[in-house]
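Below is one structure; the comments refer to it alone.
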Amino acid sequence: MRTQVAIVGAGPSGLLLGQLLHKAGIDAVIIERQSADYVLSRIRAGVLEQVTMDLLDEAGVGQRMHREGLVHGGFELLFKGARHRIDMQALTGGRQVMVYGQTEVTRDLMDARAAAGLSTVYGASEVSVHDFDGERPQVRYTSQGQQHELSCDFIAGCDGFHGVCRASVPAGAITEFEKVYPFGWLGVLADVPPVSHELIYANTERGFALCSMRSATRSRYYVQCPVSDSLSRWSDDAFWAELRLRLDPQAREQLVTGPSIEKSIAPLRSFVAEPMRFGRMFLAGDAAHIVPPTGAKGLNLAASDVKYLSTALIEHYRDKSAAGIDSYSERCLRRVWRAERFSWWFTSLMHQFPEAGGFGQKVQEAELDYLVNSNAAATALAENYVGLPLQ
């Protein structure tokens, strides 16, 4: 079997790349080791930057997002028991973000791919990549008991942090940078109305909390917890009780609780692999970088990678130009490290670190006080939160 671009991974980055290439008349096959139902069951981020919204429109899958997504022009910082609004729209010349779950983005892309009759292999096992340093890369895999070999011009590694593509790069050809945080996020998804119409980021002596949502009737809440915590010690009642203790009086009064439909503990890490291109194989999304979820950058960074990669591949086939391919890694990493810096800073600002003690808490409160009283500082926060422009 042969295709022009073999995409490993059917998460949002792989599906979005496949859709953009299809729109440009470039053939691509997607190989995914999990089932389609499993991919759709993964609960992930839900805040889309304007760059991501524009890219979904470009791919022709933005209709439901615009119809059902929630446009946000600001968010609130809660510290010392009081909330302070960051007016992103005013501070950035009218830019906004969209609350629309990653699961819904994935569903829209899956539906578009199925409607176009494009080739996606789910439930592939023994996936491996070969000869990406030469002229004839290959992806080998087993599907329904049969072994397959997919020849291609290029391989796009969109298979996540634990995927095969980055793991197949020779150790001497890649440099990895990582920071692991000493806490996690305990997250609960529930079919209850949000406590507020905008997100609330809370810094408290008991730890960080985030009040978010997926729709007007479905909420997503998080509390900082030890990374060693077990879900067995967190009943729904225990979670709601802890969340209340981290909110201001008005939010406590407005909080509607209910049974969780998903509950998980996610560790926090910052991770970057350099470079993001190895011959005819490219890494994109979580295969190349991870950010803490505090700044809502994970899905948005994956989308910008895909924008750079799809543009490069289209230039290669349409214009016979290698300029985009040659500059892919450099362009991506410049944006990646800016997002890593912001996510690290915002995480450091909002969380309790075990070693920081009372002094650290006071310094955080002082910086938060400066943020909400300085137009320059608030503008820098808003610009990064809504997303820096593509370059």
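Tabulated values for the structure
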{"item": "Cα gyration tensor category, rounded, prolate or oblate, for region 1-68 with a/c compared to 1.5", "result": "oblate"}
{"item": "Mean ellipticity per residue at 222 nm, deg cm²/dmol - from DSSP H runs of n ≥ 4 across the chain, formula -39500 (n - 2.57)", "result": "-12000 deg cm²/dmol"}
{"item": "Region 340-349 - phi-based ³J(HN,Hα) in whole Hz, Karplus 6.51/-1.76/1.60, Gly and Pro as x", "result": "4, 4, 5, 5, 5, 5, 5, 5, 5, 6"}
{"item": "Translational diffusion of region 139-198, µm² s⁻¹ [Kirkwood Rh, Cα pairs; Stokes-Einstein; 20 °C; 1.002 mPa s]", "result": "127 µm²/s"}
{"item": "Cα lying deepest toward the dipole's positive end in the chain, options S374, V29, L15, charges on Cβ", "result": "S374"}
{"item": "Residues F359, F154 arranged by fewest to most Cβ contacts within 10 Å", "result": "F359, F154"}
{"item": "Kirkwood hydrodynamic radius (C-alpha pairs) into Stokes-Einstein, region 338-391, 20 °C and 1.002 mPa s, D in µm²/s", "result": "175 µm²/s"}
{"item": "Sites S128 and A356 - FRET efficiency at Förster radius 51 Å, r taken between beta-carbons, to 0.05", "result": "0.70"}
{"item": "Lys/Arg +1, Asp/Glu -1 at C-beta; the chain dipole; positive extreme among C152, V121, S348", "result": "S348"}
{"item": "Vicinal HN-Hα couplings computed from phi for region 18-23 (Karplus, 6.51 cos²θ - 1.76 cosθ + 1.60; Hz; Gly/Pro x)", "result": "x, 5, 5, 5, 4, 4"}
{"item": "Charge dipole (debye, nearest 20) of the chain; +1 at Cβ of Lys and Arg, -1 at Cβ of Asp and Glu", "result": "200 debye"}
{"item": "Karplus 3J(HN,Hα) series, Hz, for region 103-116 with 6.51 cos²θ - 1.76 cosθ + 1.60 (x for Gly, Pro)", "result": "4, 6, 4, 4, 4, 4, 5, 4, 4, 5, 5, 5, 5, 7"}
{"item": "Within-14-Å neighbourhood charge of T204 [Cβ basis; K, R +1; D, E -1]", "result": "+2"}
{"item": "Size of region 153-286 as Cα extents on the principal axes (Å, biggest first)", "result": "57, 30, 25"}
{"item": "Sorted by Cβ neighbour density within 10 Å, fewest at the top, the residues R33, R244", "result": "R244, R33"}
{"item": "Spin-label proximity, L245 to region 172-214 - amide N less than 19 Å from point 7 Å beyond Cα toward beta carbon", "result": "183-188, 202-211"}
{"item": "R140-F271 FRET efficiency (beta carbon distance; Förster radius 30 Å; 0.05 resolution)", "result": "0.65"}
{"item": "Tail beyond 18 Å, pair distance distribution of region 212-350 (Cα, percent)", "result": "66 percent"}
{"item": "Cut-off under 5 Å, modelled amide H: who pairs with L48 long-range", "result": "M98, V99, Y100"}
{"item": "Gain upon complete extension [N375, K80; 0.36 nm per residue less C-alpha separation]", "result": "104.2 nm"}
{"item": "Local electrostatic count at Q89 - Lys and Arg +1, Asp and Glu -1, tallied over other residues with Cβ under 15 Å", "result": "-3"}
{"item": "Inter-probe distance in nm under a simple model that places probes 7 Å from Cα toward Cβ, at A24 and E178", "result": "3.3 nm"}
{"item": "Spatially proximal lysines relative to K179 (Cα-Cα < 18 Å; intrachain offsets below 8 disregarded)", "result": "K297"}
{"item": "Hull volume in cubic angstrom per residue (convex hull over the Cα atoms of region 44-98)", "result": "102 Å³"}
{"item": "Separation in nanometres of the label points that stand 7 Å from Cα toward Cβ, at E262 and R341", "result": "3.3 nm"}
{"item": "Dipole in debye (nearest 20) - region 263-339, about Cα centre, beta carbon charges: Lys, Arg +1; Asp, Glu -1", "result": "200 debye"}
{"item": "Packing-based order for 8-20, 46-58, 329-341, using average beta carbon neighbours within 10 Å, highest first", "result": "8-20, 46-58, 329-341"}
{"item": "Dipole of the chain, positive direction: furthest Cα of V105, A167, F278, with charges on the beta-carbon", "result": "V105"}
{"item": "Proxy reagent accessibility, fewest Cβ within 10 Å first, across I314, I261", "result": "I261, I314"}
{"item": "Summed side-chain charge close to A323 - residues other than A323 whose Cβ falls under 12 Å, Lys, Arg +1, Asp, Glu -1", "result": "-2"}
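Read the figures in this text as sums done on the coordinates, not as results from a lab. Just so you know, these numbers come straight off a predicted model, no measurement behind them. So basically every Cβ, Gly included, is an ideal-geometry build from the backbone, and we count neighbours across all protein chains shown.
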